[in-house]
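One structure below.
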């Protein structure tokens with residue numbers, strides 16, 4: 001049997017950058033199984049030595065050379081980790097030189113500042129947007145004056161996590177409204193939503209998948225039957241098409257991708273935090 | 001006056017990888033102001049030409065060469081964007097060669113698979129964890145049997161966004177409980193929390209900052225006074241110290257960093273989504 005290849009995401013900060021780029025690169029090697037480990041906050045020699053020991057141990061156990069995806073800034077710490085014998089992939093190194101040439105200035109070595117320091121105004125925007133998403137979740141509050149956008153769709157089509165993701169990551173105030181049986185029967189948007197039609201976006205999902213999700217939530221209910229799911233989704237589709245409301249089928253799409261597509265569609269260029 | 005330097009994060013998928021690594025690298029050039037643009041889903045020649053035109057226009061307007069942080073897989077699309085004259089930084093290129101040599105296999109070119117395709121089991125873990133965080137937010141439900149961890153702290157110390165972030169990103173079931181005036185006066189954990197002491201983690205914050213946050217929420221209230229904030233925080237600190245509960249001051253720390261530190265502390269090695 002083929003052994004898994006061990007991968008260590010190492011950082012002097014959160015390790016989010018190392019893990020994000022590492023996952024993207026490793027996904028391009030589909031035939032290989034990776035066993036992933038996160039080693040964040042490696043910011044002194046002692047921690048680096050512990051990390052090196054852990055990697056070396058894995059090397060000895062598996063007989064296969066581990067891979068290190070590294071965003072530590074301090075060359076001395078990188079050297080310590082390299083003593084493990086792992087393949088070292090330094091995430092920032094290839095880009096620093098070209099950028100220093102282009103910008104005519106040296107880099108500070110303050111790696112991962114973007115995740116490490118807090119800009120209060122930005123932090124507040126995220127928190128406020130998260131509070132907004134929470135208070136405007138699932139039709140709780142239907143005052144949409146401040147909404148950057150409003151997601152609509154049948155119950156369990158993925159509206160809540162998408163709104164929370166957009167709030168936490170982009171500081172976008174996203175409300176969501178679950179289309180009710182009444183809305184779906186009448187094929188009409190509720191009056192409270194109509195003034196905000198230009199900010200509406202729909203989420204749909206395949207009926208089988210929806211039934212599965214609902215079944216887990218309310219086993220044996222009418223709500224979870226394929227028939228009910230199919231009817232609700234067909235009516236929702238109709239409602240969105242007749243209202244010329246953009247929509248997206250979320251069945252095979254990650255939360256990140258749904259969020260990116262919606263922001264792209266609305267031309268919202270808020271910076272990711 | 002010094003012009004801002006334009007940066008374009010370009011991707012054939014969400015652009016999250018390009019933006020994450022791009023922000024980390026650019027943060028190392030503290031003296032330079034960057035004007036950032038996201039161009040996701042550039043997956044055909046027409047879109048690449050539009051992107052190139054937009055970059056070229058910015059180049060002409062600003063007189064400064066834009067920077068492109070690129071995760072597009074298709075070399076033909078990269079060439080089109082490169083006609084803009086921008087400095088092209090290809091995020092994946094430097095790592096593919098060493099990994100192909102190490103793994104003895106070719107890469108598939110299926111860039112950003114990690115963000116593009118959905119593994120239902122993983123998706124469900126995120127959604128379930130998000131639902132858990134929502135139903136166990138702010139002491140709503142106090143049944144903590146399924147909690148991976150429980151954040152405690154005074155009102156507005158950052159518990160809710162941290163729990164949601166851990167749920168959405170790591171599928172971690174994180175509950176949170178706001179310490180009440182009664183808890184703080186008695187210097188006692190509520191009975192419901194005591195069986196789960198090993199899963200508790202505290203968030204604290206500087207009193208000035210807390211007063212500022214609360215003042216925005218309830219202007220002029222006793223709740224928002226510096227005196228009240230200071231008392232609550234002192235009592236909370238005492239409670240956590242006497243209970244040997246780990247805690248973190250969140251004042252100068254981003255949500256990402258708080259989450260990473262907590263997961264690291266609890267030894268939770270769940271993969272980031």
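Describe numerically, in nm with one decimal, the distance between label points set 7 Å from Cα along Cα→Cβ at residue A:234 and at residue B:50.
In this crude spin-label approximation the distance works out to 3.4 nm.
Can you tell me the 0 to 90 degree angle between the C-alpha axis of helix A:93-103 and the longest principal axis of chain A, rounded to 10?
80
May I ask you to order A:123-129, B:57-63 by the average number of other C-beta atoms within 10 Å around their residues, highest value first?
Ranking the peptides A:123-129, B:57-63 by packing returns A:123-129, B:57-63.
Peptide B:26-35: average number of partner chain Cβ atoms within 10 Å per residue? The partial results should precede the final answer.
Values: counts 6, 10, 15, 10, 5, 5, 5, 0, 2, 0.
For this peptide, the per-residue mean of nearby foreign Cβ atoms is 6.
Within 10 Å of each residue's Cβ, count the other Cβ atoms and sort B:88, B:72, B:240 from fewest upward. Could the numbers behind the result be given before it?
Working: B:88 17, B:72 28, B:240 21.
Arranged by neighbour count, lowest to highest, B:88, B:72, B:240 become B:88, B:240, B:72.
If one computes the Cα centroid of the range A:75-100 and of the range B:1-58, what distance in Å separates the two points?
Between the Cα centre of the range A:75-100 and that of the range B:1-58, the gap is 24 Å.
Listed highest first by mean packing, meaning other Cβ atoms within 10 Å per residue, what order do B:166-173, B:16-23, A:249-256 come in? Kindly include the intermediate steps, with their values, before the conclusion.
Working: B:166-173: 24.5, B:16-23: 26.0, A:249-256: 20.6.
Ranking, from highest mean packing down: B:16-23, B:166-173, A:249-256.
Please report, for residue A:4, the nm distances (one decimal) from its label point, 7 Å out from Cα along the beta-carbon direction, to the equivalent points in the remaining copies, shortest first.
Once sorted, the set of distances for residue A:4 reads 4.4 nm.
Return the whole-Å distance between the Cα centroid of the range B:172-248 and the Cα centroid of the range A:174-202.
Between the Cα centre of the range B:172-248 and that of the range A:174-202, the gap is 39 Å.
Rounded, prolate or oblate: which one fits the range B:141-208, using the alpha carbon gyration tensor with axes a ≥ b ≥ c (rounded when a/c is under 1.5, else prolate when a/b beats b/c, else oblate)? All intermediate terms of the calculation are to be shown ahead of the outcome.
Numbers: a/c = 2.42, a/b = 1.21, b/c = 2.01.
Oblate, since a/c reaches 1.5 and b/c is not below a/b.
Can you tell me the convex hull volume per residue for the protein assembly as shown, based on C-alpha atoms, in Å³ to the nearest whole number?
180
Rank-order B:140-150, A:75-85 by packing density, defined as the average count of other C-beta atoms within 10 Å over each peptide's residues, highest first.
Output ranking for B:140-150, A:75-85: A:75-85, B:140-150.
Suppose we take every Cα in the range A:30-142 and form the convex hull; what volume per residue is that in Å³?
217
Suppose each label sits 7 Å from its Cα in the direction of the beta carbon; what would the residue B:59-residue B:197 distance come out to in nanometres?
The modelled label-to-label distance comes out at 6.5 nm.
For residue A:226, go 7 angstrom from Cα along the Cα-to-Cβ vector, then report the distances to that same point in the other copies in nm, smallest first.
With the label placed 7 Å along Cα→Cβ, residue A:226 yields 6.6 nm.
Along Cα→Cβ at 7 Å, what distances in nm separate the residue B:50 label point from those on the other copies, shortest first?
For residue B:50, the other copies' label points sit at 5.0 nm, shortest first.
What is the log10 of I(q)/I(0) for chain B, computed with the Debye formula using one identical point scatterer on each Cα and no solvent, at q = 0.14 Å⁻¹?
-1.01
For peptide B:245-257, what's the mean number of Cβ atoms from other chains within 10 Å of each residue's Cβ? Spell out each step's value before the answer.
Numbers: counts 0, 0, 0, 0, 0, 2, 3, 5, 6, 13, 9, 12, 10.
Average neighbour count from other chains, rounded to a whole number: 5.
Using a 10 Å cut-off around each Cβ of peptide B:12-18, what is the average number of partner chain Cβ atoms that fall inside? Working shown, then result.
Details: counts 0, 5, 11, 5, 9, 8, 3.
Mean number of neighbouring Cβ atoms from other chains: 6.
Helix-derived [θ] at 222 nm for chain A: sum -39500 (n - 2.57) over DSSP H runs of at least 4, divide by residue count, nearest 500?
Working: 11 runs with 125 residues, N = 273.
My calculation for chain A gives -14000 deg cm²/dmol from helical runs alone.
With axes computed from alpha carbons, what is the tilt in degrees of helix A:226-242 against the longest principal axis of chain A, rounded to the nearest 10 within 0 to 90?
The answer is roughly 80 degrees.
Just check the range A:88-232 against the gyration tensor rule for me: Cα atoms, a ≥ b ≥ c as the square roots of the eigenvalues, rounded for a/c under 1.5, and otherwise prolate or oblate depending on whether a/b exceeds b/c.
On the way: a/c = 3.13, a/b = 2.04, b/c = 1.53.
The shape class here is prolate.
Work out, in µm²/s and without decimals, the Stokes-Einstein translational diffusion coefficient of the range A:1-71 at 10 °C, 1.306 mPa s, Rh from Kirkwood over C-alpha pairs.
Answer, rounded: 127 µm²/s.
By how many degrees, between 0 and 90 and to the nearest 10, does the Cα long axis of helix A:45-62 differ from the longest principal axis of chain A?
So the helix axis and the longest Cα principal axis differ by about 80 degrees.
Classify the range B:147-273 as rounded, prolate or oblate from the Cα gyration tensor: take a ≥ b ≥ c as the square roots of its eigenvalues, call it rounded if a/c is under 1.5, otherwise prolate when a/b beats b/c and oblate if not.
Details: a/c = 2.11, a/b = 1.37, b/c = 1.55.
In terms of gyration-tensor shape, oblate.
Zone of residue A:131 (label point 7 Å along Cα→Cβ, backbone N under 15 Å): which residues in the range A:172-206?
The answer is A:172-174, whose backbone nitrogens lie closer than 15 Å to the label point.
Laboratory data are not the source of any read-out in this text; all were calculated from the coordinates shown. Please read these numbers as outputs of a predicted model, since none were measured by experiment. Here the Cβ is made from the backbone with ideal geometry for all residues, glycine too, and neighbour counts use every protein chain on show.
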